[in-house]
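Comments concern the structure below.
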Amino acid sequence: MSEQFGLKESVSMALGGMIGGGIYAVLGVVAKVAMYATWVGFVAAGVVAICAGYSYVKLNEIGDTHGGSVSFVQEFVGNSTLAGMVGWSLLFGYVGSMAMYAFAFAEFTIGFNMIPAEAMGVSLRPIISISAVALFVLLNVAGARVTGSAENVLVAAKVGILVAFGIWGLLYLVPVTSQSVSLGFGRLSGITPLVAAAISFVAFQGWQLLFYDQESIEDPLETIPRAVYISIPAAVAIYIMVAVVTTNLAPEAIQQHPHVALGDAASEMLGYFGIASLGFVIVSLSALFSTGSAINATLFSSAHFAKGLISSDLLPDHFGDADGDGVPEKTILILGVVTAVFTAVGSLSAITSFASLAFIVVFGAMSVIAFRHRDHESVNPVPPAIGAVGAFAFAPIMFWNLYHRDPGTFWMVLVVAAVVIGVEVLYFERDHLPDELQGVTEELETDLSKLEKDVESLAENLRVDTSNGSETDR
């Protein structure tokens, strides 16, 4: 676009990135863990997210480069290996997010009962998810993109449906049904809310995309902070309403089929007017639209992000040509294939946990960097400290929860994370590995030579001792 984004468009981008598909994919997973205390998990995750957002804002203000996480690491830490690992972690986080959206897209598609869950004994969920990814890969390769004004309309529609769902749900719960609303205060004393916060963290990752294309934003040093501080609390408020309504109206659905519980809650509410099926249809169509557009937008943004990594030599040239205009088709195809594999073989819990873990690590790292620059007059050390402690507390809590609740998912996430880190280290240390191997070889040769001399000396001493000793000694 020839015109730059203002505050309204920036808030739409940030809010759309968070609410685009996260609530539909994450709510069921989180509610199955925390049930009525789900809203507390969203609040805790939102607090850590806004503290991380403060860290991003301050690093963007005091730094000379304005490009997001990778640029911050390069400037403030001066370590290209660490910058590259942060970039790769974000890229895998985006892939996990798209896989999560594709998973939810398929679940809501099957929820319409127009498409069976199985055909000839084969589950159709992975096939639908892969088809959704393939569709948006083709759209991106063809150059499809949503303009800023259209994005305003799309986000307004998605947010409007969820806000209407939340407000009418609260009104329905108290004045209409007169049932007591449970807020899960009995669960606040345990670790459950923190587990919920850790799992739901991926639902608060869209705002940082504003930092990657600041040239398109009018007065970015003023507009981006305002957009961040508006969009994150707005997302938290919407998540709270949706969580309270869904857990109170559809507790059985959360246990039986949590992925589409929000649709069941809508059916319960509109059943008061005798149009229960319409409620499920409206929410499900909103979910399909939101998750689909989230796949499209995340694929577009992550492909641009990958192109930047390629141009900085932080990603192999095999991933695409960074010199051409637009996003390399090869980059889009590779991201699409990896996303399809993730969404086909992984469970929603595993995909959500992996994506959340990636953003927890990166947001925590940016908070640490901001805290290290607390001596700067414009940096208040409290928010970065909360962001760092909160983020790095979420990671072990998430692993603990997975280990006890779902060991299979625990090992899957652990192995994938280990492989990703191993590949990153091998790639970014590839120039140093030959020298290090040469050094190790030389040390081994020196030690071996010394050992040979020691053995020869020992043998000579033994010969002397046996030749001079008695028959018994020999």
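Read-outs throughout are calculated quantities, based only on the coordinates presented, and are distinct from any laboratory measurement. None of the values given here were measured: they were computed from a predicted structure. Don't worry about glycine lacking a Cβ; one is built from the backbone with ideal geometry, like all the others, and counts go over all protein chains shown.
With neighbour counts taken as other beta-carbon atoms within 10 Å, the residues F108, F204, F273 rank, fewest first, as F273, F108, F204. Summing +1 for each Lys or Arg and -1 for each Asp or Glu among the other residues whose beta-carbon sits under 11 angstrom from that of I310 gives -2. Derived scalar couplings between HN and Hα for the range 48-60 equal 5, 5, 6, 5, 5, x, 4, 4, 4, 4, 5, 5, 5 Hz in order, rounded to whole Hz, by the Karplus curve 6.51 cos²θ - 1.76 cosθ + 1.60 (θ = phi - 60°), x for Gly and Pro. Close amide H pairs (under 5 Å, H built 1.01 Å from N) link F5 with I217, E218, residues at least 5 positions away or on another chain. Summary of packing: across the peptides 311-320, 277-286, the per-residue average of other C-beta atoms within 10 Å ranks them, highest first, as 277-286, 311-320. What the Cβ-Cβ distance of V415 and V341 gives, at R0 = 25 Å and to the nearest 0.05, is a FRET efficiency of 0.95. The packing ranking of peptides 350-363, 73-86, highest mean first, is 350-363, 73-86, where packing means the average number of other beta carbon atoms within 10 angstrom of each residue.
Rounded to whole Å, give me the distance from the Cα center of the range 385-405 to that of the range 1-72. The distance from the Cα centre of the range 385-405 to that of the range 1-72 comes to 18 Å.
Fewest neighbouring Cβ atoms within 10 Å first, the residues R463, R125, R226 line up as R463, R226, R125.
With r as the distance between the Cβ atoms of L7 and M114 and R0 = 30 Å, compute the FRET efficiency 1/(1 + (r/R0)^6) and round to 0.05.
0.15
Only helical runs count toward this figure. For the chain, summing -39,500 (n - 2.57) over DSSP H runs of n ≥ 4 and dividing by all residues gives -25500 deg cm²/dmol at 222 nm. The order of the peptides 374-382, 39-47 by mean Cβ neighbours within 10 Å, most packed first, is 39-47, 374-382. Placing dummy labels 7 Å off each Cα toward the beta-carbon, the span from L278 to L462 is 9.6 nm. The fewest-to-most ranking of S97, S131, S180 by surrounding Cβ atoms within 10 Å reads S180, S131, S97. Labels on offer are (i) 52.2, 214; (ii) 26.8, 111; (iii) 49.4, 157, and the one holding Rg and Dmax of the Cα atoms in Å computed from this structure is (ii). Karplus-derived 3J(HN,Hα) values for the range 231-246, using 6.51 cos²θ - 1.76 cosθ + 1.60 with θ = phi - 60°, are 6, 5, x, 4, 5, 4, 4, 5, 4, 4, 4, 5, 5, 4, 5, 5 Hz; glycine and proline are entered as x. Using R0 = 30 Å, the C-beta based FRET efficiency linking E252 and S189 works out to 0.75.
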